[in-house]
Amino acid sequence: MKKIIYLILFTLTTTISAQSIRVYNLNVAPENASSVADLFKEYHENGKRKSGNVILQRVRFQNHVTHRVIITGDPNNWGSAIDRSESDWKAYYRGTRTFRRPSEGSYTARSAYWKNGNREKYHVGQQWLIRVEDPVKYAAAWVKFAKAIESMIGDRMMGLGSISMGDLDGATHYTVFYGESMNDLEITLNKIRNSKAYEEFSKARGQNEIIKSFAVEDLLSYN
C-alpha cells in the first residue's frame, strides 16, 4: 500500500512539472567567454520558444566544463514558436564551435518537481548529481521535504529531476537549489540541513550516493 501511495505522489509531481530538460556542457577559454555569450544572445533573444526556456550558465567546480546551455520545455510543444532558417542555426553552431573545447557530462532529464521563484535575484545555484536506489521513495521524500521548507527559502528556487541519457558515472537524478550568491547559498543550505524537515528527509529518502556537485550561475535566459 505504501508503495502505491509513493507511486501516486511521484506520478502527480511528474504530471505537474513534466518538462523535458536538455543540458549541453561547454568548455570555453576565458578569453572567448564573452564571444560565446554574444552568439547565444544574438541567436536566442528573438527566437521565442513554444514552451520552456533556454539558459546560458557559467559552471564552476566541474572539470572541463565552464558553461552550459539548458533547454527546457514540453516535449509535445517543443521548439521555436517562430520560423527559424536552417542556415541561422548552422551559423550559430559553427560560431560557437570555434570557441569550444572538448567537454563532458551533457545529459537529458525529466523534471519531477520545480519550485519557481525570483530567478533574476536568485541566479546562483548548486547542483547535485545523485545515484538513487529507490526512485519512487526518494522522490516522495524529496517533494515532502521541499514543500516543508518553502517558508524558509522564500523566493529561492529548487528542483528535482530524473536523468534520461548521459554518461554521469551512474547518476540517476539531479537536485538543484538557487540563492543570491555563493555566500547566500552556503548560509541558507546550512539552515536547511539543521532543520527538522531535512532530518526527516534524510531518514525517509532511502539509499543514495552523491556522485558530484558543482556551482552554476545564470548569465542569459530567454523563453
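The values are calculated or read from the model by the stated rules, or taken from the named source; none is laboratory data. On a predicted model such as this, the values are computed, not experimentally measured, just so you know. Glycine gets a Cβ as well: all are built from the backbone with ideal geometry, and neighbour counts include every protein chain shown.
Among the conditions (1) surrounded by fewer than 17 Cβ atoms within 10 Å (Cβ to Cβ); (2) aliphatic (A, V, I, L, M); (3) under 20 Å from the mean Cα position of the chain (by Cα); (4) modelled with pLDDT of 95 or more, the only one that residue 18 does not satisfy is (4). Among the residues making up region 150-186, those that are in a loop (DSSP other than H, G, I, E, B) and either among the polar types (S, T, N, Q) or under 16 Å from residue 128 (Cβ atoms) (or both) are 156, 157, 166, 168, 169, 170, 171, 172, 181. Sub-9 Å Cβ pairs linking a first residue in region 197-210 that is charged (D, E, K, R) to a second residue that is outside any helix (DSSP H, G or I), at least 6 apart or interchain, are 205/132; 205/134; 209/130; 209/131; 209/132; 209/133; 209/170; 209/171, ordered by first then second residue. Surrounded by 15 or more Cβ atoms within 10 Å (Cβ to Cβ) and either modelled with pLDDT of 95 or more or not β-branched (Val, Ile, Thr) (or both): does that describe residue 161? Judged against the criteria, residue 161 is a match. Got at least one residue in region 82-97 being assigned to a strand (DSSP E or B), in contact with a Leu (Cβ under 7 Å, 6 or more places away or on another chain) and in contact (Cβ under 8 Å) with a residue 12 or more places away in the chain? No, the conditions are met nowhere in region 82-97. Being touching a strand residue (DSSP E or B) at 6+ places or on another chain (Cβ under 9 Å), closer than 30 Å to residue 38 by Cβ, surrounded by 15 or more Cβ atoms within 10 Å (Cβ to Cβ) and at pLDDT 95 or above is a condition met by no residue of region 190-198.
Does region 134-155 contain at least one residue that is within 28 Å of residue 42 (Cα to Cα) and surrounded by 21 or more Cβ atoms within 10 Å (Cβ to Cβ)?
In the first step, residues of region 134-155 are kept if they are within 28 Å of residue 42 (Cα to Cα); the result is none.
No - not one qualifying residue is present in region 134-155.
Looking at residue 74, is it farther than 28 Å from residue 187 by Cα and in contact with a helix residue (DSSP H, G or I) (Cβ under 8 Å, 6 or more places away or on another chain)?
So residue 74 fails the test.
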